[in-house]
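The block underneath contains the structure these notes are about, expressed in structure tokens.
The values are calculated or read from the model by the stated rules, or taken from the named source; none is laboratory data. These figures come from a predicted structure and were not determined experimentally. Glycine gets a Cβ as well: all are built from the backbone with ideal geometry, and neighbour counts include every protein chain shown. In case anyone asks, the SASA skips ligands and DNA or RNA and just uses the protein heavy atoms, side chains included. Shrake-Rupley method; radii C 1.70, N 1.55, O 1.52, S 1.80 Å.
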Amino acid sequence: MTSTQRSNLLLHSILIFVLSFVLNTIIHEGAHAIMAKVCGLHPVLHHNYVSTSGQEDATQLAKVLIPAAGPLMSLLQGIIFLFLLRKRNQKSLTSLFFLWMSVMGFINIGGYLMLTPLVRYGDTGKVFALLNSPQWLKWAVAVLGLVGLMRLVMSLAPDFEAQIPAEFTAQKFAPGKLANLLIAFPVLSGCVV
């Protein structure tokens, strides 16, 4: 494999990661905005959050549904894109995009579940606070989120391996170098962007 092929794989992986991250944020925050609108509020969608006027007058149900909408949409996103990936079952940039969209959705819901007992103002923290949930339940949800996310990410490793082009595997690259091209470098670059 040439350095140009390596560079192309790295560039494509970074671009797909960044696109997935941006779309994941829009989908997640869009779910909050749509639910706020359904509940009769006036949401304003910002780049990474939704503000709503009149939320203090909203019903208790609306106050629970609005923060719950984002994480639930992230879970649905993870499931839908995993289904699309498995149905497609081929190496392509589209499949890599489906994989990252699935991973982003699962990381989003898993992360929110893990933060439930620690951050009252996060989406799931708000929901559990509004429901007056006991602390043991919040910690149980956090552990479930951690274990579930770890299992899901580990189960998706073969899907990342399946996206490695044949010319890379034919040259018996060290798995760490391939993981860097498909996962580590895109995540690090995406964090900078």
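For V143, are the conditions met, namely being open to solvent by 60 Å² or more (accessible area, probe 1.4 Å), in a helix (DSSP H, G or I) and hydrophobic (A, V, I, L, M, F, W, C)?
It is true that V143 is open to solvent by 60 Å² or more (accessible area, probe 1.4 Å), in a helix (DSSP H, G or I) and hydrophobic (A, V, I, L, M, F, W, C).
For N132, all conditions in the list (1) over 16 Å from G78 (Cβ atoms); (2) open to solvent by 40 Å² or more (accessible area, probe 1.4 Å); (3) in contact with a Phe, Trp or Tyr (Cβ under 8 Å, 6 or more places away or on another chain) hold save one; what is the number of the exception?
The number of the failed condition is (3).
Determine if region 57-66 includes at least one residue that is surrounded by 18 or more Cβ atoms within 10 Å (Cβ to Cβ) and outside any helix (DSSP H, G or I).
For region 57-66, residues surrounded by 18 or more Cβ atoms within 10 Å (Cβ to Cβ) and outside any helix (DSSP H, G or I): absent.
Within region 111-129, how many residues are under 18 Å from L72 (Cβ atoms), modelled with pLDDT of 90 or more and open to solvent by less than 30 Å² (accessible area, probe 1.4 Å)?
6
Given the criterion at pLDDT 90 or above, surrounded by 14 or more Cβ atoms within 10 Å (Cβ to Cβ) and in a helix (DSSP H, G or I), identify the matching residue among P71, P43.
The match here is P71.
Out of the residues in region 82-110 that are buried (at least 23 other Cβ atoms within 10 Å of the Cβ) and among the small types (G, A, S), which is farthest from I14 (Cα to Cα)?
G110
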